[in-house]
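Structure, as structure tokens:
The values are calculated or read from the model by the stated rules, or taken from the named source; none is laboratory data. Note that the structure is a prediction, hence the values are computed from the model and not measured. When we count neighbours, we look across all protein chains shown, and the Cβ atoms used for this are built from the backbone with ideal geometry, even at glycine. Ligands, DNA and RNA are stripped out before the accessible areas are found, and what is left, the full protein with its side chains, is counted by its heavy atoms. Shrake-Rupley method; radii C 1.70, N 1.55, O 1.52, S 1.80 Å.
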Amino acid sequence: MPDLLLELFSEEIPARMQRRAAEDLKKLVTDALVERGFLYEGAKAFATPRRLALHIAGLPVKGQDVREERKGPRVGSPEGAIQGFLKGAGLTSIEQAKIESDPKKGEFYVAIIEKPGRSTPDVLAEIIPAIVKNFPWPKSMRWGAASAEPGSLRWVRPLHSIVCTFGPETEDPEIVRFEVDGIATGDVTQGHRFLAPGEIRVKRFDDYAPALERAKVVIDTDRRKDMILHDAKDLAFAQGLELIEDEGLLEEVAGLVEWPVVLMGSFDEAFLDIPPEVIRTTIRANQKCFVLKHPGNSSPLVGEAGRGVLAPSSESAAPIPPSPTLPHKGGEGSSALANKFILVSNLVASDGGKTIVGGNERVVRARLSDAKFFWETDKKVKLEDRLEKLKSIVFHEKLGTQYERVERIAALAKELAPIVGADPALAERAARLAKADLVTEMVGEFPELQGLMGRYYASLQGEHASVAAAVEEHYKPLGPSDRVPTDSVSVAVALADKIDTLVGFWAIDEKPTGSKDPYALRRAALGVIRLVLENNIRLNFASNPLRADATILIFARLLQVAHLYRNGQLAAFKRIGEQFEGRTFPANDSFDVNTLTGTPVYGAETIFVGHRAGEIKLRSGSLEIETYNFELVGRFSSLAEIQADLLSFFADRLKVYLRDQGARHDLIDAVFALEGQDDLLMIVRRVEALGRFLDTEDGRNLLAGYRRAANILRIEEKKDGRSYSEAPDLQVVNDQGQIEEKALAVVLAKAKEEAAAAVESEDFEGAMRALSRLRQPVDSFFDKVTVNAEDPALRANRLRLLNDIREATRTVADFSRIEG
Amino acid sequence: MTSEPAHMNPARSFQGLILTLQRYWAEQGCVILQPYDMEVGAGTFHPATTLRALGPRPWRAAYVQPSRRPKDGRYGENPNRLQHYYQFQVILKPNPPNLQDLYLGSLKAIGIDTALHDIRFVEDDWESPTLGAWGLGWECWCDGMEVSQFTYFQQVAGFECSPVAGELTYGLERLAMYLQGVESIYDLNFNGLDGDQKVTYGEVFLQAEQEYSRHNFEYADTEMLFRHFRDAEAACRKYLADGEPKAGSNDNRHLMALPAYDQCIKASHMFNLLDARGVISVTERQSYILRVRELAKACGAAWLKTEGGGVAA
């Protein structure tokens, strides 16, 4: 069967768009064919910097013929009816119609309308221009004289020619004729821009691919990648070195060449003083070159590269792109770098590549000189002396500067330290230094090195190893597969960083919506969840602010509020006193927040000293008293509302997380349905225990018993218009009850007590075990006892017993949410 | 080109490079303009690019534009960075279909042999927030070094370009460094001569780099600059208003788009100086850029009402 060859030849297509564009082209053309009833045997799309190509094999020459019979008027009908029929059926004379008959209608005319299947080239000529005109490029442009008119063709870069041929192997295929905005199809393409300039006439895919290959164009991206990787490894091996592989870079450079020629360059060994990650980042980002390492040696330096947090340039909370693609993990820096690099050119140069290598070495030298200069300059200033500069970096318009953020994170990290088992002084120190590298020259140039550079500089200035590590690791984990820090100082700062971010954006009502999460708040929440769970941290997220051990969220909120008021930028709250629900404060009375939380709230020296409706006073240091007026803005009317909203966000993220871990969503719901579930670790333990219990026969039977009880109760309560939530009257049970009923009452009381005690001591397995003892008495009860007894008192009491079964299960979960 | 003296060779003479590019683009039918007589941050600001890119009239021009980026000054101490440097600018409207080939021809003219050098077109989307302009194109790489920018203008001053213009910008110093094989801008041979007749880039510009760096970072009178910014902004608006077609007149052309645009350029440079002095905060920065953009947009709108912008005389 015949094949289609389509090539769209243009000026250089951005590397990052090529693969997707080829896939889009294939899908759009094949979908349009299938939609029109054209099936095919196989399709493959290709992309190079200058072309998209599509090969569809095994297409029919034409579409299926369609035969349709249309019934007409009776023989002998009036002329008008006959003419109408002829016209409708496309006949010129009634002789062309058949005559059929049936008993009811008698003899009547039937027109046979035969629509021959459309020729495939015609159909292609119809669908391809529309696909080209509406091609889903991420960014497209107009060009040339045609762009003077509105509605001119858009393409990723100027489109120059289109090859479109169709036909069987045995004959010369025909050119599928169509035009897109003045570009007519043909059978001529071009070879490599420099190595084989000039036109190439092609027939079909079978000769197109080899012809291009002879003209120094490899159309298959994956083959170009293989060639590059293979040659790069060979070159490295010949020098006794190892290539540091980089899939993202490989994909990119394969999109920058039609004929890859891999070359090796070198740089002065003196540059190897610079951290290996910096060398790699410089050479990768600016030159799109690979670096090499000496096999086996282990690095004297830090092991793992830090990766971006909030924003690409992280100096502000600017929206981040949806998928941060900085894929390197491990590998890098784990061995000493060599003073060599691999470049991929697009040319078989007449001097064997000497000039090309020389030019690239020049640029690499200049870049590394810059990097070395940054490295040496940065080392001269201590991290703590850079903090002042953070005042000029706005984190977010409404959330203040990085300096203020650091103040908050440091205070919070210090508070969190005892909870996560870290030294508060170290945690505070690490938090204070954590963002200082944002104002180093190096991070200014390479934002993706934030954190990592801070760690280097911290180590060099003799900080405690945990402090230096935390400076890098506090950004972690960055995604579901990123490593979670385990050093307690890192954990404290990482939690503080993320909680501050979450609470801040919640306070200004900038929450993620739908697919939009410009500040990566879902990632931050997941980060908190993983930090807590994987380090077995007990963090109570919603405890009463009046408790002496006032916990994280409330504390963070206070910091936040203090900050927001201080800047006079935000006032999301009616009365500051609302945070201390349950206590009243005279409107003009001074109070010291420190007395409530037992800790300084905003930095070391700043406290709230007073409040009244629409006004808050702040004392900074010992004397200055500032007054800020505020009014209600935003969606939230109180801190409590923000807290509740943020907690439900956490709950949702936790559900997503648990589901991804394979937990049953209904079990998660069953646990969340209980009151006061605000301890991530305990929630997870409970879900796990519940899952295991329900996998046992006791569990399954108890669930069945629970359902039976709940069903009967639901029906009877509805019938009676009342509930039976009172405790069963044991006197009635003893006096009038059957033996099974008595047994159940006894076991219930015991099981409830034991389960509650087990939950209290966080022994969820124990609680489940206690409940499992209910199984047998519940089963016997249903076997032998008639709930709807004639004696109303007895009946009511039996319903209360059923209710007690429901209550007993609620000590561990809401069984009504369990499915299956 | 054939019988030129050795010291005109673009591979050894900075001015030879400029002259060769001018000659090449003159041969392609460009009007060879001289630099615009105002301080601009890039060749794009020249009205021969910004304004001429708007409207339907064909236009082909090339020129050298001294460009000032006060923040990039390094007191003459960095071998790769200058606060004042030259751009060679080419604008072709509409872009001819063979613009890439023409560009490669210009590289050949200055001695870059494509059998030896690896030339690549690497994605680079251009955007000028101050000019309300954007386009798609590439950085042009020669052996891993960016030597030019190549842009198809899609929008300027907030208006769609119809037709689209192709813009080429050559970073002359960097290109010359590569051609001459020197590691520092200041070592460039300016006139291509040898011995005591040789004039280097450093001899011409090093002192200026030192003095202007001092000025830009330390001494520029910020109060005056703020005032000049406001004055330029006000003057721009005034000339735009004064140049509007008079009600009831048959002539509906704008009469002062160019003088108004000069004031926009001036405001932009004042902003760059203030920025270098570090007196504009991050939040203010955005609003200054917006203010200049508003001027640029209004000037673009006025230009479209002039003869040059396509209105019949």
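Of note:
- Efficiency of FRET from Cβ geometry, A:Glu819 and A:Arg522, R₀ 30 Å, rounded to 0.05: 0.70
- Cα gyration tensor, region B:163-313 - rounded (a/c under 1.5), prolate or oblate: oblate
- DSSP-defined antiparallel bridges as percent of all bridges, region B:6-215, nearest 5: 95 percent
- By DSSP, the beta bridges lying fully in the protein assembly as shown are antiparallel in about 95 percent of cases.
- Note on A:44-51: average number of Cβ atoms from other chains within 10 Å of each residue's Cβ is 1.
- Seen through its C-alpha gyration tensor, with square-root eigenvalues sorted a ≥ b ≥ c, region A:66-115 comes out oblate because a/c lies at 1.5 or above while a/b is not bigger than b/c.
- Helix B:222-243 axis, angle to chain B major axis (alpha carbon atoms, nearest 10°): 60 degrees
- Positions from region B:105-125 whose accessible area shrinks by 10 Å² or more when the full protein complex is built, not the chain alone, probe 1.4 Å: B:Thr114, B:Ala115, B:Leu116, B:His117, B:Asp118, B:Ile119, B:Arg120, B:Phe121, B:Val122, B:Glu123, B:Asp125
- Projected label distance in nm at A:Ser648 and A:Ala148, using a 7 Å step from Cα toward the beta-carbon: 6.0 nm
- Distance from region B:71-93 to region A:362-394 (C-alpha centre basis), Å: 22 Å
- Buried area at the B:A interface is about 3400 square angstrom, summed over both chains, from accessible surfaces computed with a 1.4 angstrom probe.
- Efficiency of FRET from Cβ geometry, A:Asp666 and A:Val34, R₀ 51 Å, rounded to 0.05: 0.85
- Using a probe of 1.4 angstrom and keeping all protein chains present, the accessible surface of chain B works out to 41 square angstrom per residue.
- Relative to its residue count, region B:6-215 spans a Cα convex hull of 121 Å³ per residue.
- More than 22 angstrom apart: percent of Cα pairs within region B:221-303: 30 percent
- By accessible area, using a 1.4 Å probe on protein heavy atoms only, region B:221-303 has 51% of its surface on carbon and sulfur.
- Rounded to 10°, Cα long-axis angle of helix B:257-276 versus longest principal axis of chain B: 60 degrees
- Loop GluC sites (Glu not before Pro), region A:738-786 (other Cβ atoms within 10 Å of the site Cβ: 15 or fewer; DSSP): A:Glu762
- Per-residue average of Cβ from other chains inside 10 Å of B:134-145: 6
- Here region A:697-817 is treated as a sphere whose radius is the Kirkwood value from Cα pairs; by Stokes-Einstein at 10 °C and 1.306 mPa s it diffuses with a coefficient of 111 µm²/s.
- Computed per residue of the protein assembly as shown from DSSP H runs no shorter than four, each worth -39500 (n - 2.57), the mean residue ellipticity at 222 nm is -13500 deg cm²/dmol.
- Here the extension length gained between A:Arg700 and A:Met682 equals 4.2 nm, from 0.36 nm per residue of separation less the Cα-Cα distance.
- Subtracting the Cα-Cα distance of A:Ala425 and A:His230 from their residue separation scaled by 0.36 nm leaves 65.0 nm.
- Placing dummy labels 7 Å off each Cα toward the beta-carbon, the span from A:Ser77 to B:Asn252 is 6.0 nm.
- Greater than 24 Å apart at Cα, pairs in A:Lys511/A:Lys655; B:Lys198/B:Lys266; A:Lys288/A:Lys372; A:Lys382/A:Lys435; A:Lys391/A:Lys498: B:Lys198/B:Lys266
- Under the Debye formula (equal points on every Cα, no solvent term), log10 I(q)/I(0) of region A:359-436 at q = 0.13, 0.14 Å⁻¹: -0.57, -0.63
- Computed from Cα positions, the angle between helix B:99-109 and the longest principal axis of chain B comes to roughly 40 degrees.
- Cβ crowding within 10 Å averaged over residues, with A:434-445, B:64-75, A:32-43 ranked highest first: A:434-445, B:64-75, A:32-43
- Shielding by other protein chains, A:250-258, mean Cβ within 10 Å: 1
- Whole-percent pair-distance distribution, where bins are 10 Å wide, for the alpha carbons of the protein assembly as shown: 2, 8, 13, 15, 17, 15, 12, 9, 6, 3, 1, 0, 0
- Per-residue extension of 0.36 nm, minus the Cα-Cα distance of A:Lys27 and A:His464, leaves a gain of 151.7 nm for this segment.
- Straight-line reach from A:Lys44: taking Cα to Cα under 16 Å and skipping same-chain neighbours fewer than 8 places apart, the lysines in range are A:Lys26, A:Lys27.
- Low-density loop positions, trypsin sites (Lys or Arg not before Pro), region A:105-142 - DSSP coil, at most 12 other Cβ in 10 Å: A:Lys105
- Each of B:Asp196 and A:Arg214 was given a label point 7 Å from its Cα along the Cα-to-Cβ line. The distance between the two points is 6.4 nm.
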